[in-house]
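Working notes for the structure below.
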Amino acid sequence: MRTLFVAALLTGLAFAQQTSVSPAPKPAPTPGVTNATPAPAVKPDKATAYYHYSLGRMYEEDMQLYGRSELIPSVLAEYKAALAADPSAAFIRVTLAEFYARTGHIRDSVTEAESLIQADPDNLDARKLLGRIYLRSLGDMQSGPQSQEMLRRAIEQFQQITRLEPNEIEDHLLLGRLYRLNNQSDKAEQEFKSALKLQPNSEEAIVSLAYLYNEQNKGDQAIALLDSLPNGERSAKMYSALGYSYEQQKNYKKAVEAYRKAVEQDRENLDAVRGFAQNLLNDGQYQAALEQYKQIADADPQDAQAWLRIAEIYRHTGKYDLALEALKKADALVSGDSLEVPYNMALIYEAQGRYDDAITQLNALLQKTSHANNVYTPGERANRAIFIERLGNIYREERKTDQALQTFRSLTQGSNDESASRGYQEMIDTYREVKDWPQATAVAKEAAEKFPKDKNVQLMYASLLADNGQTDAALTKVKSLLSGTPEDRDIYIGLAQIQGRLRHYKEAQDALDLAEKASTTEDDRQNVTFIRGSLFEREKKYDLAEQSFRKVLAGDPQNAMALNYLGYMLADHNTRLDEALALVKKAVELDPQNGAYLDSLGWAYFKLGSYDLAEENLRKASDRVGNDGTIQDHLGDLYLKTGRLKQAVMHWERALAEWNRTVSAEVEPSDVSKTQKKLESARVKLAQQGGADK
């Protein structure tokens, strides 16, 4: 340290002789700048300047090495003395400005840097210093007008920096990120591409451009960019970006593979592991996802999200006690303002049939997020809509129809956003469940008038028109929604479902073909395949229906609807009954309160001759969905088989009554005919027995 100082003194004269910097003209005052170090009109004394400059550097090194903050005034005094001796030495002013910045004297630092730029607009060091200051200030601020002003100033400086040194890749990358932060996507793209021209294999440039493409809904371009590199040249960060790109397109299988490679390259990168785990979960690979999330929780015990995802996996797989334990661990890690933990608890209570607990939890969330002035941000309003919709669904599951309708109606009042549309759709579904078709149609009409451009609402209205026999009006309305855009996929699915309900099976399959062509994700294609299978089943093309359901399950083994549909179909036709039972059992594990699944389980047991288990599950199904004619028909068959003829008659009568209250689109005439014959035969037997029940 002392040797350095002595050397500096000995070389001071040489420095003065070798340095030839023309004195800068005295700058004009900068508006708002009052603290710039004055530049007196004196003859430069370069030797003295370098002496004080070197002494200041020595003090600064001591200060940094030994933490001697008391040396700050000495450093400032020496740098100012150096500048007074040679006001034309721009590097001294830069050093002073940088020292101001390092010691928290930001205003003084900005003042010095701005005075340098005023004297020399091409002073790169000064612009870099200002850029760094604005970036640091930007990071320290919350969003708001001041933050936006700092962002503007940072962009302004880095625009000049890239002008002054156009071949520095880091400058272009940083300016691109600032543009991206400022929602100037086109300019950000230009900067990232400029960086790529300078270094075609730059990891940061490729990854930054890929994420930008995803933000611009140009996922295909992001994937093409990342795929353009040979596998051997891709880093873990590039594979993570590729996984994210596939995830945005809902191609979860490819996302899993990309993240898997990222993790293989860098197991310590928890962000890559999180992406891997999330996409395993998205793809329905619950056990594999669970293993990854447990590893994340072990590596980062403070990661509440890992425990939330673990709870979600346990809930999806029917392990509700374990799910609640995981949520308690998450709850201990989050703030008291967390909404996600209590909401997930409500979902588990609902799945367990603990409806009162679920209702209490949701009402507490609504109270917690309530504002006295009834004014909410879009995010707050969206959260409350989720809580209200879930609450209404629980009331509906409990068959508290009036409370469910009142809850859903509250979503439709005071706004015309998506939540209001959802409120109408839930009201329509509630009226349909209780078979109040006139009210369902009236609400659908009200919604259609209020949301003329909402295709989901219009499709529901069209479906009800078809159910009410207004076939031509329904089909005309649906076809009028087609626009020649990717959104037509949902319209074709709606058209297929209406045609299927009308038993126009060829037209329904044709519409599904068009929906499949418009499908861009694996989830979308699986949805089309499931609907196709249900149409084949209604057409009594059971082999084709089975192929469709198995195709869905090959892609998503946890698809409860496909598990139930296939299992029920096999059981109903006395085919592979053990497999049928296993399929339906799995569906019930995934959704234990679902009345349709419980009916399928009871029916499978009935076909296997396990009548006690059949009765147990069919009764549960009837308790859940008492107005379903098929469930009542199954109970009638069970009671006939077990010698309780009077009870069989009672349930067959209920089955026919429920089917008579149901629109024809939801009833198979052959089922009605069979049940009518069974009922007539049973009545004759009862009459012969004198009405005695055996």
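Do you know which of the residues in the range 315-350 that are of a type in the set (Gly, Ala, Ser) and farther than 16 Å from Glu389 by Cα is surrounded by the most Cβ atoms within 10 Å (Cβ to Cβ)?
Once the filter is applied, the top-ranked residue is Ala326.
Among the residues of the range 411-429, how many are among the hydrophobic types (A, V, I, L, M, F, W, C), within 23 Å of the chain's Cα centre (by Cα) and closer than 10 Å to Val443 by Cα?
Within the range 411-429, residues that are among the hydrophobic types (A, V, I, L, M, F, W, C), within 23 Å of the chain's Cα centre (by Cα) and closer than 10 Å to Val443 by Cα number 0.
When the range 637-671 is examined, which residues are found to be among the small types (Gly, Ala, Ser), surrounded by fewer than 20 Cβ atoms within 10 Å (Cβ to Cβ) and part of a helix (DSSP H, G or I)? Talk me through it step by step, then tell me what you get.
Taking the range 637-671 as the starting set, the residues that turn out to be among the small types (Gly, Ala, Ser) are 643, 648, 655, 657, 664-665, 670.
Restricting the remaining residues to those that are surrounded by fewer than 20 Cβ atoms within 10 Å (Cβ to Cβ) gives 643, 657, 664-665, 670.
Residues satisfying the conditions are Ala657, Ser664, Ala665, Ser670.
Being of a type in the set (Gly, Ala, Ser), within 22 Å of Ala119 (Cβ to Cβ) and in a helix (DSSP H, G or I) is the filter here; which residues of the range 54-97 pass it? Before the answer, list the steps.
Applying the first criterion (of a type in the set (Gly, Ala, Ser)) to the range 54-97 yields 54, 56, 67, 69, 74, 77, 81-82, 84-85, 88-90, 97.
Now drop any that are not within 22 Å of Ala119 (Cβ to Cβ), which leaves 56, 81-82, 84-85, 88-90, 97.
Across the range 54-97, the qualifying residues are Gly56, Ala81, Ala82, Ala84, Ala85, Ala90, Ala97.
Taking helices (runs of 4 or more DSSP H) as the structural unit, those lying wholly within the range 351-446 and holding at least 2 residues that are within 28 Å of Arg315 (Cα to Cα) and among the hydroxyl-bearing types (Ser, Thr, Tyr) correspond to 355-368, 401-412, 418-433. Within the range 463-486, the set of residues being surrounded by 14 or more Cβ atoms within 10 Å (Cβ to Cβ), free of Cβ contacts under 8 Å to residues at least 60 places away in the same chain and assigned to a loop (DSSP other than H, G, I, E, B) comprises Gln470, Leu481, Leu482.
Determine whether Asp623 is out of contact with any Ser or Thr (no Cβ under 8 Å at 6 or more places or on another chain), part of a helix (DSSP H, G or I), modelled with pLDDT under 95 and surrounded by 16 or more Cβ atoms within 10 Å (Cβ to Cβ).
Details: out of contact with any Ser or Thr (no Cβ under 8 Å at 6 or more places or on another chain): yes; part of a helix (DSSP H, G or I): yes; modelled with pLDDT under 95: yes; surrounded by 16 or more Cβ atoms within 10 Å (Cβ to Cβ): no.
When the stated conditions are applied, Asp623 does not pass them.
Is at least one residue of the range 134-152 part of a loop (DSSP other than H, G, I, E, B), of a type outside the set (S, T, N, Q) and under 32 Å from the mean Cα position of the chain (by Cα)? Explain how you work it out, then say what you get.
We begin by selecting, within the range 134-152, every residue part of a loop (DSSP other than H, G, I, E, B); these are 141-144.
Retained after the next criterion (residues that are of a type outside the set (S, T, N, Q)): 141, 144.
Filter once more, so that each one left must be under 32 Å from the mean Cα position of the chain (by Cα): 141, 144.
Yes, the range 134-152 contains a residue that is part of a loop (DSSP other than H, G, I, E, B), of a type outside the set (S, T, N, Q) and under 32 Å from the mean Cα position of the chain (by Cα).
Among the listed residues Asn564, Asn574, Asn559, Asn527, which satisfies the condition of being crowded, with 23+ Cβ neighbours inside 10 Å and among the polar types (S, T, N, Q)? Quick ask: steps written out before the conclusion?
On the way: Asn574 fails: crowded, with 23+ Cβ neighbours inside 10 Å; Asn559 fails: crowded, with 23+ Cβ neighbours inside 10 Å; Asn527 fails: crowded, with 23+ Cβ neighbours inside 10 Å.
Unique residue meeting the criteria: Asn564.
With the condition kept exactly as written, say whether any residue in the range 77-99 is modelled with pLDDT of 85 or more, polar (S, T, N, Q), surrounded by fewer than 21 Cβ atoms within 10 Å (Cβ to Cβ) and touching a Gly at 6+ places or on another chain (Cβ under 9 Å). Within the range 77-99, none of the residues are modelled with pLDDT of 85 or more, polar (S, T, N, Q), surrounded by fewer than 21 Cβ atoms within 10 Å (Cβ to Cβ) and touching a Gly at 6+ places or on another chain (Cβ under 9 Å). Beta carbons closer than 6 Å, at least 6 apart along the sequence or on distinct chains, pair a first residue in the range 665-683 that is closer than 21 Å to Ala466 by Cβ with a second that is surrounded by 13 or more Cβ atoms within 10 Å (Cβ to Cβ) for Ala665/Asp467; Ala665/Arg501; Val667/Trp659; Val672/Trp659.
Gln302 - would you say it is surrounded by fewer than 22 Cβ atoms within 10 Å (Cβ to Cβ) and assigned to a loop (DSSP other than H, G, I, E, B)? Give the derivation first.
Working: surrounded by fewer than 22 Cβ atoms within 10 Å (Cβ to Cβ): yes; assigned to a loop (DSSP other than H, G, I, E, B): yes.
Against the criterion (surrounded by fewer than 22 Cβ atoms within 10 Å (Cβ to Cβ) and assigned to a loop (DSSP other than H, G, I, E, B)), Gln302 qualifies.
Filtering the range 231-242 for residues that are buried (at least 16 other Cβ atoms within 10 Å of the Cβ) and acidic (Asp, Glu) leaves an empty set.
The values are calculated or read from the model by the stated rules, or taken from the named source; none is laboratory data. Because the structure is a prediction, the values reported are computed rather than measured. Quick reminder, even Gly has a Cβ in these numbers, built from the backbone with ideal geometry, and neighbours come from all protein chains shown.
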